[in-house]
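Since the structure comes first, as structure tokens, the remarks are kept for the end.
The values are calculated or read from the model by the stated rules, or taken from the named source; none is laboratory data. Everything numeric in this text was worked out from a predicted model, so none of it was measured. Cβ: placed from backbone, ideal geometry, glycine included. Neighbour counts: every protein chain shown. Remember, those area values only see protein heavy atoms, side chains included, never the ligands or the DNA or RNA. Shrake-Rupley method; radii C 1.70, N 1.55, O 1.52, S 1.80 Å.
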Amino acid sequence: MPDHSSPADSGISLPRLLGVLSDPTRLGIVRILSDGAERGWGQFSAPVAKSTLSHHLKMLREAGVTQTRQEGTRCYVKLRYDALEARFPGFLPALLSAAAADHVGDHVTERGEQA
């Protein structure tokens, strides 16, 4: 079984957080997850290969941005909003607001939605 652990809240580093969120695809995933709902990996749609999308999800997890839960053969992902807000107060809301205003990550959608 793959390791789906995330760093402890205190282990979320600002340089790594900024680096992982600098990618428009990863930021698009975070924008979708910002409603607090858990989603299956297969619910995300982006104009990249499935393996690339999986890599983006892994990078978000390893940086402490998301947590992943495996149930049988399915993997589910959720934003670690509370941990990020506790470590960097106000950062995520400001980032998500700016990303939405600039349409960063709009190419990432949930399956069944129009891009």
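Counting just the residues of region 68-95 that are out of contact with any Phe, Trp or Tyr (no Cβ under 9 Å at 6 or more places or on another chain) and assigned to a strand (DSSP E or B), which one comes out farthest from Asp23 (Cα to Cα)?
Only one residue fits best here, namely Glu71.
From the list Ala37, Ala115, which one is part of a loop (DSSP other than H, G, I, E, B) and modelled with pLDDT of 95 or more?
On inspection, the qualifying residue turns out to be Ala37.
Only one of Arg74, Arg87, Arg69 is under 14 Å from the mean Cα position of the chain (by Cα), over 14 Å from Leu33 (Cα atoms) and open to solvent by 40 Å² or more (accessible area, probe 1.4 Å); which?
It is Arg69.
So, of the residues in region 45-66 that are of a type in the set (A, V, I, L, M) and surrounded by 12 or more Cβ atoms within 10 Å (Cβ to Cβ), which turns out to be nearest to Leu92 (Cα to Cα)?
Val65
Out of curiosity, is Ser22 of a type outside the set (Asp, Glu), at pLDDT 95 or above and open to solvent by 50 Å² or more (accessible area, probe 1.4 Å)?
It is true that Ser22 is of a type outside the set (Asp, Glu), at pLDDT 95 or above and open to solvent by 50 Å² or more (accessible area, probe 1.4 Å).
Check region 30-44 and report whether any residue there is open to solvent by less than 60 Å² (accessible area, probe 1.4 Å), without any contact (Cβ under 8 Å) to a residue 24 or more places away in the chain and among the hydroxyl-bearing types (Ser, Thr, Tyr).
no
Hey, could you check region 96-112 for residues that are more than 13 Å from the chain's Cα centre (by Cα) and in a helix (DSSP H, G or I) and say which is surrounded by the most Cβ atoms within 10 Å (Cβ to Cβ)?
Only one residue fits best here, namely Ala99.
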